[in-house]
Amino acid sequence: MRHVATVAPRLIYDCPTSWPQNLKSLFVSLGDLTGGPCQAASEFLRSAPRASLCQTLLHRTLCCMPLDDFDINARLDIYPLHIFSQEQLERLLRTACEIPVFNSVLDVGAGSGKVTSQLHPFCRSLLVSETSAGMAEQLNQQGYQVWQEDIAQTAATRRAEGYEFAMISILNVLDRCASPKSLLTAAHTLLGPSPSLLLLATPLPFRGAYFGWGTYWSGCQMETLGLESGTEDWAQQAQVLLEEVLPAAGFEPVAITRLPYICAGDAFVPFSALDDLVVVARKHEYFLFRMTSGQDE
C-alpha cells in the first residue's frame with residue numbers, strides 16, 4: 001500500500017509525557033506491561049498471511065498505475081490490517097459509557113471488514129460505508145449492509161432519509177480520504193442526540209494522501225485538516241487534534257489511547273505499522289448552534 005511504511009518500526013503504546021494533565025487523565029493504556037507488543041498484536045503478527053513474491057511484485061506494479069490502492073488490495077486479497085482486539089476496544093469504550101452496546105453503528109471506510117469485525121459485540125445494528133468498489137464487494141459477500149459512497153458528500157441526504165447512529169467509527173480513514181474535515185462534519189450530522197459517540201483512529205504524524213480522479217492522482221487531499229504544517233512530533237500533533245481539530249468539529253474527547261496500526265507483510269518486509277491515536281469522543285449539540293451563528297455574522 002502506498003500509505004504503509006516499508007520497514008517494521010517499534011510498536012508504541014505509551015502516553016506522551018509532554019501532554020498536559022487533562023489529556024493524560026483521559027489516556028487508557030492498552031499495551032503490554034512488559035513494553036512489548038500486546039497479546040492481540042502478537043497473535044496477529046504470528047497468524048496474518050504475508051503476500052507472496054508474485055503478489056508483492058504485482059501489487060507494486062499496479063500501484064504505479066492510476067488505480068485505487070484499496071481496489072488493488074481487495075482484488076489481490078493481501079495486506080490484512082489490525083488495530084485492536086475486542087477486549088481492548090471494550091476497555092476503551094467502558095471509559096466513555098457504562099454499557100458499551102449501541103443500537104446502531106456506522107463504520108466509515110470499512111475496508112476488508114477485518115477491523116470492522118471487532119465492533120460486532122458492541123452494536124445491535126451495524127452498517128458500513130466504503131468508496132472502494134473492490135472492498136465494498138468483499139463486505140457485501142460477508143453479509144454487511146454497504147453504502148458504496150463518500151459519506152463526506154452524502155451525509156446530509158442520508159440524514160434527511162432518517163438515518164442516525166449511536167456511534168460512528170472512522171478508523172484510519174482521515175489521512176486517506178478526499179475531504180477529512182468534511183468527513184468529521186458528516187459524522188456529526190449522522191450521529192444521534194448526545195451522548196452519541198465518535199470512535200476515531202488516525203496515524204500521526206498526519207500525512208494526508210488521496211489518490212483519485214478528483215485530484216488527478218496527485219496524492220493531495222482536497223481539504224486540509226489543520227495538522228499538515230508545523231511539527232512532525234507525534235505528541236504535539238495528537239494534542240492539536242484533541243484540543244483544536246475535534247472540538248472545532250463538535251466533539252469532546254472522553255477516552256484516548258495509542259496503538260500500532262499493523263499491516264501484514266509481504267515478500268520483502270515481515271510487517272509494517274503506523275503510530276495511531278485512537279479517540280472516543282462525545283458529540284456536542286452546540287456545534288450546530290455555533291455553525292448557525294457563524295453564518296449569521
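The values are calculated or read from the model by the stated rules, or taken from the named source; none is laboratory data. All values reported here derive from a predicted model rather than from experimental measurement. When we count neighbours, we look across all protein chains shown, and the Cβ atoms used for this are built from the backbone with ideal geometry, even at glycine. Note: accessible area is taken over every heavy atom of the protein model, side chains too, but ligands, DNA and RNA are not part of it. Shrake-Rupley method; radii C 1.70, N 1.55, O 1.52, S 1.80 Å.
Here are some notes:
- Pairs where the first residue, in region 133-149, is without any contact (Cβ under 8 Å) to a residue 60 or more places away in the chain and part of a strand (DSSP E or B) and the second is loosely packed, with under 15 Cβ neighbours inside 10 Å and of a type in the set (A, V, I, L, M), C-beta under 6 Å, 6+ apart: none
- For region 230-270, the tally of residues that are charged (D, E, K, R) and part of a strand (DSSP E or B) stands at 2.
- Output for region 79-114, where each listed residue is open to solvent by 10 Å² or more (accessible area, probe 1.4 Å), over 18 Å from A133 (Cα atoms) and either assigned to a loop (DSSP other than H, G, I, E, B) or polar (S, T, N, Q) (or both): S85, Q86, Q88, T95, C97, E98, I99, V101, N103, S104
- Considering residues of region 36-65 that are over 24 Å from the mean Cα position of the chain (by Cα) and part of a loop (DSSP other than H, G, I, E, B) only, the residue nearest to Y261 (Cα to Cα): S52
- Single unsatisfied condition, A74 versus (1) in contact (Cβ under 8 Å) with a residue 40 or more places away in the chain; (2) surrounded by fewer than 19 Cβ atoms within 10 Å (Cβ to Cβ); (3) among the small types (G, A, S): (2)
- Annotation note: of G162, G226, the sole residue that is modelled with pLDDT under 95 and out of contact with any His (no Cβ under 6 Å at 6 or more places or on another chain) is G226.
- The number of residues in region 128-151 that are aromatic (F, W, Y) and over 19 Å from the mean Cα position of the chain (by Cα) comes to 0.
- Among the residues making up region 77-116, those that are among the hydroxyl-bearing types (S, T, Y), touching a helix residue (DSSP H, G or I) at 6+ places or on another chain (Cβ under 9 Å) and either without any contact (Cβ under 8 Å) to a residue 24 or more places away in the chain or under 21 Å from C38 (Cβ atoms) (or both) are Y79, S85, T116.
- One residue alone among L198, L184 is outside any helix (DSSP H, G or I), crowded, with 22+ Cβ neighbours inside 10 Å and within 15 Å of the chain's Cα centre (by Cα), and that residue is L198.
- Residue check for G31: on the phi > 0 side of the Ramachandran plot and either assigned to a helix (DSSP H, G or I) or open to solvent by less than 60 Å² (accessible area, probe 1.4 Å) (or both): no
- Scanning region 115-132 for residues being among the β-branched types (V, I, T) and in a strand (DSSP E or B) gives a total of 1.
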